[in-house]
Amino acid sequence: MTTTPQSRRWGLRAAAVGLVAALGLGYGLPASADQLDDREHQLTTQIDTASASVDESTKRLDDALARLKSSQDELAAVQAALAATQDKVTAATATDARLADQLTSAQAALDAANAAVEASRLVIDGQRAAVGEIARDQVQQQHNLMGLAVLVQQGSTAELQTRIQLSTTMLGSTQAQLDRLHQLQTQLETAQEAQTRATAKVAADRAASVQSLAALTQLRATQADQQRTVAAAVAADQQAEASAKAEVAKNNQAYQDLTAERDKVSADIAARDTTAQPGAGNSLTASPATASSTPTGAVSSAPSAPSSASASPLPAASTAAPSPAAAPTPSPADTTAPATTIALWRPAKGTTWQWQLTGTVDLSVDAAVYDVDGFDVSKDTITKLHQQGRRAICYIDAGSYENWRSDAGTFPSKVLGSAMDGWPGERWLDVRQLDALKPIMEKRFQMCKDKGFDAIEADNVDGYSNKTGFPITSTQQIAYNRMLAALAHQRGLSIGLKNTPDLVGNLVNDFDFAVVEQCYEYGECAAFTPFIRQNKAVLHVEYNVPVTKFCATTKGLGFSSMLKKLDLGAWRQVCP
């Protein structure tokens with residue numbers, strides 16, 4: 001459960017004391033201390049419960065979004081696989097049709113070969129009959145030879161020669177016919193065997209094609225079933241996301257209603273207390289600031305009651321007054337002066353903004369707040385922004401050394417750590433050495449003040465979670481970040497917490513807004529909702545995710561979201 005900050009509890013107790021004075025002295029209505037303690041406890045419990053409900057419902061929303069993204073990715077993968085399978089089915093169908101045509105042609109050729117072989121058999125049968133005739137002729141020739149022998153004996157030589165020549169011719173013709181017959185038969189049998197093999201191969205290919213097509217068809221059916229199942233899961237996850245968003249909105253509204261009611265009662269009590277005791281000063285505003293509540297130099301206010309100046313874009317409208325809530329005792333880590341009554345401008349949730357750190361500042365962008373480089377942008381540019389009714393945030397690197405800055409020579413070597421990966425010329429700072437870094441940051445913040453800036457964006461204040469070359473702890477990082485907040489507030493400048501989702505719970509009361517990068521991409525957006533619950537802007541950008549994916553979520557959380565390129569030029573795409 002989210003605990004109520006100490007400053008809030010003391011604010012409630014102060015309001016209760018004021019109520020005793022107003023009701024008891026001004027109206028004569030007695031109220032016991034026990035009753036007021038009970039009321040304070042009830043109000044604190046209700047706010048804590050509402051805050052916990054918001055945190056829990058926001059976490060459920062993040063979980064629902066994660067499940068939805070996972071199911072959508074799974075659906076996309078299934079659809080891609082189904083499309084690939086469909087392509088294979090189409091190709092396999094075409095192949096099967098081609099093989100079917102080939103099989104038809106091969107079968108026709110085989111039928112022709114079989115017919116040719118059958119015809120050759122008929123020829124062979126005819127030739128066999130001819131051979132029989134020849135055999136009979138040979139028998140006749142034998143008789144003729146016997147007759148020739150008689151003729152020879154009788155001396156008829158010429159007739160003998162004629163008969164011998166005729167017999168020889170007949171025998172030669174018969175032998176030639178037999179040779180041609182055997183040659184034709186061999187050719188036909190060879191062709192028949194080749195066609196049989198070709199037909200068998202085509203038939204085997206066709207059978208394999210049919211089997212492959214059947215398997216692909218089955219796979220397509222299975223994938224279609226899987227697609228329907230995953231699509232149903234996506235629909236269920238979308239419904240869960242919608243329900244979670246509605247729950248977050250409901251819990252946020254309940255929290256805001258409770259906070260608004262408490263703030264109104266506190267304001268009424270303060271007014272009655274002033275009426276009942278004219279001329280009495282507000283001793284609470286003179287209490288020293290603590291590192292765990294309102295930063296030193298800032299307007300003391302309850303976490304959920306932002307300055308009224310946040311409603312006006314013009315510098316002249318910064319009229320926030322101190323709240324009666326303040327910490328009762330200074331923090332041991334406090335190293336700054338007592339609180340003052342300098343009014344601060346604080347961007348409220350939903351504030352439109354432009355973030356441009358490179359190139360000539362484009363003053364035509366439709367945004368109420370500009371976040372620009374504190375060194376590179378001139379005072380004239382800030383003046384023009386103010387003339388247009390805009391606010392200006394001064395970008396300053398507070399956690400790393402940049403060798404191109406005009407004050408680079410003022411950093412002692414002992415505070416320079418490891419090089420920042422991917423950022424040439426930059427090195428991490430040893431934020432444990434407050435005494436060494438404080439004067440440098442004071443001059444930087446004063447430069448922002450002198451140029452007319454309204455607020456500061458202190459970058460790279462998460463060294464404790466990076467490889468800086470120093471053993472920086474989260475406690476030491478918190479102390480450094482609170483020092484930065486105090487330096488800004490002493491100069492009448494608000495300050496934004498840059499990233500550091502793990503430290504939001506410790507620093508939300510010290511900082512006036514948040515500047516957040518890629519929280520959707522890395523699933524960290526829920527960590528920054530405490531700023532929204534205090535009506536403090538969360539100025540959010542993504543670099544690698546299209547607006548169609550993150551805007552619905554981050555706008556639902558109340559963030560001021562847009563898509564930027566990594567060079568942080570003038571280009572931007574805001575959430576619709």
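All of the numbers you see were taken from the coordinates with simple rules; none came from a lab. In this text, all values refer to a predicted model and were calculated from it rather than measured experimentally. Every residue, glycine as well, gets a Cβ built from its backbone with ideal geometry; the counts of neighbours run over all protein chains shown.
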**Request:** Report, as a whole number in µm² per second, the diffusion coefficient that Stokes-Einstein gives for segment 171-237 at 37 °C and 0.692 mPa s using the Kirkwood radius over alpha carbon pairs.
**Result:** 191 µm²/s
**Prompt:** With labels modelled as points extended 7 Å from the Cα through the Cβ direction, what inter-label distance (nm, one decimal) is found for A112 paired with T360?
**Reply:** 8.2 nm
**Prompt:** What order do you get for 509-518, 538-547 when each peptide is scored by the mean count of other beta carbon atoms within 10 Å, highest first?
**Reply:** 509-518, 538-547
**Asked** What is the Cα centroid distance between segment 444-487 and segment 406-436, reported in whole angstrom?
**Response** 12 Å
**Message:** As a quick test, which of the pairs K250/K564; K250/K549; K438/K564; K59/K449; K467/K549; K443/K564 have an alpha carbon distance above 28 angstrom in this structure?
**Reply:** K250/K564; K438/K564; K59/K449; K467/K549; K443/K564
**Message:** Could you order the peptides 555-561, 366-372, 355-361, 427-433 from most to least packed, using the average number of other C-beta atoms within 10 Å per residue?
**Reply:** 555-561, 427-433, 366-372, 355-361
**Fill in**
With x for Gly and Pro, the residue-by-residue ³J(HN,Hα) of segment 389-404, computed from phi through the Karplus equation 6.51 cos²θ - 1.76 cosθ + 1.60 at θ = phi - 60° and given in whole Hz, is x, 10, 9, 10, 9, 8, 6, 9, 7, 9, x, 9, 8, 10, 6, 9
**Request:** Pull out the extension gain between A77 and E56, defined as 0.36 nm times the separation in residues minus the alpha carbon to alpha carbon distance; nm, one decimal.
**Result:** 4.4 nm
**Item:** Leading residue at positive end of dipole, segment 450-540 (Cβ point charges), from F513, N466, C525
**Value:** F513
**Fill in**
Amide H contacts under 5 Å for I495, restricted to residues at least 5 apart in sequence or on another chain and with H modeled in the peptide plane, are I456, D512, F513
**Message:** Under a crude label model (7 Å from the Cα following the beta-carbon direction), how far is W404 from Q165 in nanometres?
**Reply:** 11.9 nm
**Complete:** Net charge (Lys, Arg +1; Asp, Glu -1) of residues whose beta-carbon lies under 10 Å from that of L99, L99 excluded, is -1
**Item:** FRET efficiency estimate (nearest 0.05) - Cβ-Cβ, A204 to Q573, R0 45 angstrom
**Value:** 0.15
**Separation in nanometres of the label points that stand 7 Å from Cα toward Cβ, at S70 and D435** = 5.2 nm
**Prompt:** Taking a ≥ b ≥ c as the square roots of the eigenvalues of the Cα gyration tensor of segment 405-524, is the shape rounded (a/c under 1.5), prolate (a/b larger than b/c) or oblate?
**Reply:** rounded
